[in-house]
1. Order these peptides, 36-42, 53-59, 96-102, 6-12, by their mean beta-carbon neighbour count within 10 angstrom, highest first.
2. Listed here are the pairs Lys5/Lys124; Lys5/Lys100; Lys28/Lys100; which of them are more than 19 Å apart at the Cα?
Amino acid sequence: MPKPKVRAFFTGHEWCTYARRTNAMIDKAIELGCEEFVCSMMPGFDLEVAEILLYRNLPWIALLPYSGTGESYPRRDWTKYNRIFNRKKSLRAIDRGKLKILYPFSNSIDRSISRSLQINWMVKNCEVCLSVSNFDETDKFADRAADRAYHSNLLVVNFYPDKVDEFNYFVRYKQLELFA
């Protein structure tokens, strides 16, 4: 049976745009063995990540929270969203199997509920969380997805927005593999 791909998902503040740091996070994930990335296509940071993954021709999944995603975004993000999915490069990526688009959620559910389902899907189907978030001493991330990943024992690679050149690694519990 083939070994499943190691996946990483991205999460961060809507207002963050750190192209240089995002590329460094992707490089770090590849160094850690990640072979596929998941992007939730939310405004801000996620759309930046999608553009970078597309540009770098890396395998990734666009996990759309509901059909019509992008229509309710601010104009700047809506334009970026459309640019990502209307490019020849996106179509070529889909043809070559580098980009998969998933709509795993029903259109009839509330959008805030669909975001929670989206976070659950990412935590369940990924091994690494790449986050732009603040983390405080109370064992909580400012970002819900990073916090859920941390409390589900995923490796969280975090970049602090206010500390430009610093990555931190968080693992809550690590189970030992005794019989490999």
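1. Working: 36-42: 24.0, 53-59: 17.0, 96-102: 14.1, 6-12: 25.6.
Result, highest mean first: 6-12, 36-42, 53-59, 96-102.
2. Values: Lys5/Lys124 14 Å; Lys5/Lys100 14 Å; Lys28/Lys100 22 Å.
Pairs exceeding 19 Å: Lys28/Lys100.
No value in this document is a laboratory result; all are computed from the given coordinates. Predicted, not measured: the structure shown is a model, and the values here were computed from it. Reconstructed Cβ throughout: ideal geometry from the backbone, glycine too, with neighbour counts over all protein chains shown.
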